[in-house]
Amino acid sequence: MAIAHKGKDSAKPLHIGPSKWYAAPALLLFGLFALLPLVGVVILSFMTWDGLGAVSFNGIDNWARMLADPLVLNGLRLTLILTIVSWAVQTPICILLGVFMAGTQRYRAFLAVFYFLPLLFSSTAVAIAWKNLLDPSFGIGKAFGVSWMAHNWLGDPKTALWVIVIVVSWCFIPLHSLLYQGAVRQIPQTMYEAATIDGAGSIRQFFSITLPQIKYTIATDSTLIIVGSLTYFDLVYVMTSGGPGNATRLLPLDMYLKGFKSYDMGGASVVGVIILALGITMSLILNKISGSDKMDSQMEGV
């Protein structure tokens, strides 16, 4: 009969789970390609540099100049409008599509293929296609003789930004719908069966079961939408280049134009830091309001 030996090490707690050293490669890559460039941008925001010559320190002059720049303030306003409207448009549509695609009917899987087609196209190709479709001279309105569609949507300062919102939503609704589809499929079917027995209809089940069960997914997806809205560049650059006038000159595009067109790397870095601060602030506020930072389990039986 074996007798357990009790020594000094017997009182030490057993290590549970993988070693923390497994995260070292990922942390190293994150530091090299995320934290280090970020620190460099913050430092550069206090410098004067044209991208080629010598770098010189100028204190807070870049910040004072950018915070008083009408183009930066206009870009900040447009970016906030785009962020809020994109979230308001995409979120309900994505939830409904996600719930729809989570069903088991065969035709739903067939339709889901078409919903995900925009994910296969590059942003540049999408921008060129929509720009040509909306062209007043040879676009879809001219081709089919629809007078109101022949309007110069991208050339009108009153409509250009809203067209950008529509195109952005068309591109990214499939991705966010996929997240909701997965979340809805994780909800135990017994909850719906019990609700059906109690006489609850589909609409009541949606508001009383589905939405509460996917609230953390809504918070996570909303964060992705908000952060993504703060970084839209390629679609806007190809479709409007910030025009007409400055009607679509969002902060990311303004940062690019300042840095690579005006050769003001210090000012462009300030705009980049502003975008970063906006993203972090809005994400923290959203997580705090939604309570997703607690992440209590909602699964049945937990």
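The values are calculated or read from the model by the stated rules, or taken from the named source; none is laboratory data. Everything numeric in this text was worked out from a predicted model, so none of it was measured. Every residue, glycine among them, receives a Cβ derived from its backbone with ideal geometry; neighbour counts consider all protein chains shown. The accessibility values were calculated without ligands, DNA or RNA, using every heavy atom of the protein model including side chains. Shrake-Rupley method; radii C 1.70, N 1.55, O 1.52, S 1.80 Å.
Put a dot 7 Å past the Cα of N132, heading toward its Cβ, do the same for I203, and the two dots end up 4.4 nm apart.
Normalised by the number of residues in region 157-244, the average gap of Cα pairs under 8 Å and 6 or more apart makes the relative contact order 46 percent.
Just so you know, the Cα atoms of the chain work out to an Rg and Dmax of 25.3, 94 Å.
Converting phi to 3J(HN,Hα) with the Karplus coefficients 6.51, -1.76 and 1.60 and the offset θ = phi - 60°, region 41-47 yields 5, 4, 5, 5, 5, 9, 10 Hz in sequence order, with x at every glycine or proline.
Express the relative contact order of the chain as a whole percentage, based on alpha carbon pairs under 8 Å and six or more residues apart in sequence. Mind showing how you got there, number by number?
Numbers: 316 pairs, mean separation 81.7, N = 302.
Computed value for the chain: 27 percent relative contact order.
This model, with +1 at the C-beta of Lys and Arg and -1 at the C-beta of Asp and Glu, gives the chain a dipole about its Cα centre of some 400 debye.
Determine the equivalent ellipsoid of region 33-189 by diagonalising the alpha-carbon gyration tensor, then write out the semi-axes as square roots of 5 times the eigenvalues, largest first, rounded to whole Å. Walk me through the numbers on the way to the answer.
Working: eigenvalues 298, 137, 43 Å².
In descending order the semi-axes read 39, 26, 15 Å.
When exposed loop sites are taken as trypsin sites (Lys or Arg not before Pro) in a DSSP loop with at most 11 other Cβ atoms within 10 Å, the longest stretch of the chain clear of them is 7-157. Annotation: amide H of T48 within the under-5 Å range of S56, F57, N58, sequence separation 5 or more or interchain, hydrogens built in the peptide plane.
The residues of region 38-292 expose, per residue, 52 Å² of accessible area to a 1.4 Å probe.
Just from its helices, what would the mean residue ellipticity at 222 nm be for the chain, if runs of 4 or more DSSP H residues each count -39500 (n - 2.57) and the sum is divided by every residue, rounded to the nearest 500 deg cm²/dmol? The partial results should precede the final answer.
On the way: 14 runs with 173 residues, N = 302.
Calculated mean residue ellipticity at 222 nm is -18000 deg cm²/dmol.
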